[in-house]
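Worksheet: the structure to be examined is printed underneath.
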Amino acid sequence: MEVGALMEIVIQPSYEEMCEEAFRSLLQEVKKKPTLVLGLATGKTPAGLYRRMVESHRSFRRMRFFNLDEFFGLGPEDPRSFRATLKRELLGPLNVPARNVYLLRGDVKDPNRAAEAYERVIHAVGGIDVQVLGIGRNGHIGFNEPGSSLGSRTRTKTLDTKTLVDYAGIFASPDEVPRFSITMGIGTILEARRILLLAAGRAKADVIHRMVEGAVTAEIPGSVLQLHSRVSVFLDEEAASKLARREYWKWIYANKWRVGQ
Ligand code: PGA
């Protein structure tokens, strides 16, 4: 049995080293449970973690995979959909059997029904063991934008303007970014047994400070992770640069073996 509660902050010199640490944590969990249920975030940040999974040439084929969110309106064949991205960058190269892959689809007619069905499947497999997360500059986790209910379940969510700008890169312009998404809710995310959140770069420094050291508030949805009992936040130096207790977090991580962690 796991005891105690933990929000560990892992600060590494570079993005690559940050991904390496996150990969090591994930591997420890997979060794304990080869059929682990993994929730996948999409976006620039977790790409280095997924690359390590692929390049390790280990078998992750017994694991079950869910995704955190998807653009509403994009079909599975659209290369910009999160489903296509995860298949291309991770699940295809890992050769994961289709029966172990449960990804939200953006092209469903009734997204709210699809969202309810998704919750039922998560429940049926015994829940998410490890959820990988990124965080938006506005504090979103998944597409739970500021103001989201902290108890929300998988549902449709309207994207806010900062998110539209941040995703304009994969579309021709902010006008072309879908306005709606389907996303696991904050309540859904909080039920994952372990959370690995990754953030890199100076653009994330403010939000990381508010998420880790600020108040728990729906204005920064990621701050709700302060209420979770097993969260690891992997940061590069730039994303950690505005943490008031940066040196304290580093010391704790370097010395955790002394208290048997
Ligand atoms: P990013 O996205 O990893 O591409 O910065 C994070 C997010 O929007 O949650």
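The values are calculated or read from the model by the stated rules, or taken from the named source; none is laboratory data. Every value quoted in this text rests on a predicted model; they were computed, and no experiment measured them. Cβ coordinates were reconstructed from backbone atoms using ideal geometry, including for glycine residues, and neighbour counts include every protein chain displayed. Heads up: the accessible areas ignore ligands, DNA and RNA and are worked out on the full protein's heavy atoms, side chains in. Shrake-Rupley method; radii C 1.70, N 1.55, O 1.52, S 1.80 Å.
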**Request:** Decide, for segment 116-258, between rounded, prolate and oblate: order the square roots of the alpha carbon gyration tensor eigenvalues as a ≥ b ≥ c, take rounded if a/c falls under 1.5, and otherwise choose prolate if a/b is larger than b/c, else oblate.
**Result:** oblate
**Request:** For 50, 167, write out the residues from largest to smallest accessible area, computed with a 1.4 angstrom probe and no ligands counted.
**Result:** 167, 50
**Complete:** Subtracting the Cα-Cα distance of residue 17 and residue 203 from 0.36 nm times their residue separation yields 65.1 nm
**Item:** Farthest toward positive dipole pole in segment 129-209 [+1 Lys/Arg, -1 Asp/Glu at C-beta], among 203, 165, 131
**Value:** 131
**Complete:** Karplus ³J(HN,Hα) for segment 177-185 (6.51 cos²θ - 1.76 cosθ + 1.60, θ = phi - 60°; Hz, whole; x = Gly/Pro) runs 5, x, 7, 10, 9, 10, 9, 3, x
**Item:** Fraction of accessible area attributable to carbon and sulfur, the chain (%, probe 1.4 Å)
**Value:** 52
**Asked** In nm, to one decimal, how far is the residue 95 label point from the residue 78 one, both placed 7 Å along Cα→Cβ?
**Response** 3.2
**Request:** Determine the shape class of segment 1-51: with a ≥ b ≥ c the square roots of the Cα gyration tensor eigenvalues, call it rounded for a/c under 1.5, and otherwise prolate if a/b is greater than b/c, oblate otherwise.
**Result:** oblate
**Fill in**
So residue 121 and residue 88, fully extended at 0.36 nm per residue minus their Cα-Cα distance, gain in nm 9.6 nm
**Message:** Straight-line reach from residue 162: which lysines fall under 20 Å, measuring Cα to Cα and dropping same-chain residues less than 8 apart?
**Reply:** 44, 204
**Request:** Give the Debye-formula value of log10 I(q)/I(0) at each listed q (0.08, 0.16 Å⁻¹), with one equal scatterer per alpha carbon of the chain, two decimals each.
**Result:** -0.29, -1.29
**Fill in**
Magnitude of the Cβ-charge dipole (Lys and Arg +1, Asp and Glu -1) of the chain about the Cα centre, nearest 20 debye, reported as 820
**Asked** How large is Rg over Rh for segment 130-176, taking Rg from the Cα atoms and Rh as the Kirkwood inverse mean of 1/r across Cα pairs?
**Response** 0.99
**Prompt:** What FRET efficiency, computed as 1/(1 + (r/R0)^6) with R0 = 22 Å and r the Cβ-Cβ distance, is obtained for residue 179 and residue 113, rounded to the nearest 0.05?
**Reply:** 0.65
**Prompt:** Sorted by mean Cβ packing within 10 Å, highest first, what order do the peptides 234-241, 33-40 take?
**Reply:** 234-241, 33-40
**Item:** Neighbour-limited loop hits for GluC sites (Glu not before Pro), segment 57-109 (at most 10 other Cβ within 10 Å; DSSP other than H, G, I, E, B)
**Value:** 77
